[in-house]
Amino acid sequence: MLTLTQGAAEAVKSIVSSSPGLSETAGLRISEQETAGGGASFQLSLAEAPLEQDEVVEEGGARVFVEAGAAQSLEDKVLDAAVDESGVKFGISPQA
């Protein structure tokens, strides 16, 4: 299952809490899109609640909803985040 670093959890909580109209149960949703070259890329969006087949990751008060297809690709990964003057940048790396 995807895990979150403390930095990622803080970033997700900050993004959700600063987005007007979202409740405390909202979170970040990760979905997988196929690229033209046959690879995959991940799309991030805010969601009020998980979809029925989403895997829900809750760590450090943050909620991340992982689309079923993306959950397979991310099952042994860690979501991290770095914040700088241009905003939040998320990264995915293998679990240790």
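The values are calculated or read from the model by the stated rules, or taken from the named source; none is laboratory data. Nothing here was measured: the structure is a model prediction, and the numbers come from that model. Quick reminder, even Gly has a Cβ in these numbers, built from the backbone with ideal geometry, and neighbours come from all protein chains shown.
Just to be sure before I move on: is Leu22 of a type in the set (A, V, I, L, M) and either in a loop (DSSP other than H, G, I, E, B) or loosely packed, with under 12 Cβ neighbours inside 10 Å (or both) in the structure I sent? Spelling it out, Leu22 is indeed of a type in the set (A, V, I, L, M) and either in a loop (DSSP other than H, G, I, E, B) or loosely packed, with under 12 Cβ neighbours inside 10 Å (or both).
The set of residues from region 54-89 being surrounded by 11 or more Cβ atoms within 10 Å (Cβ to Cβ), in a loop (DSSP other than H, G, I, E, B) and either touching a strand residue (DSSP E or B) at 6+ places or on another chain (Cβ under 6 Å) or of a type outside the set (D, E, K, R) (or both) comprises Asp54, Gly60, Gly61, Glu67.
When you look at Val12, is it at negative phi, in contact with a Lys or Arg (Cβ under 8 Å, 6 or more places away or on another chain), in contact (Cβ under 8 Å) with a residue 60 or more places away in the chain and not in a strand (DSSP E or B), yes or no? For Val12, the condition - at negative phi, in contact with a Lys or Arg (Cβ under 8 Å, 6 or more places away or on another chain), in contact (Cβ under 8 Å) with a residue 60 or more places away in the chain and not in a strand (DSSP E or B) - is met. Scanning region 75-88 for residues being at pLDDT 95 or above and out of contact with any Pro (no Cβ under 8 Å at 6 or more places or on another chain) gives a total of 3. Residues in region 30-48: is at least one assigned to a loop (DSSP other than H, G, I, E, B), in contact with a strand residue (DSSP E or B) (Cβ under 7 Å, 6 or more places away or on another chain) and not hydroxyl-bearing (Ser, Thr, Tyr)? Checking region 30-48: not a single residue is assigned to a loop (DSSP other than H, G, I, E, B), in contact with a strand residue (DSSP E or B) (Cβ under 7 Å, 6 or more places away or on another chain) and not hydroxyl-bearing (Ser, Thr, Tyr).
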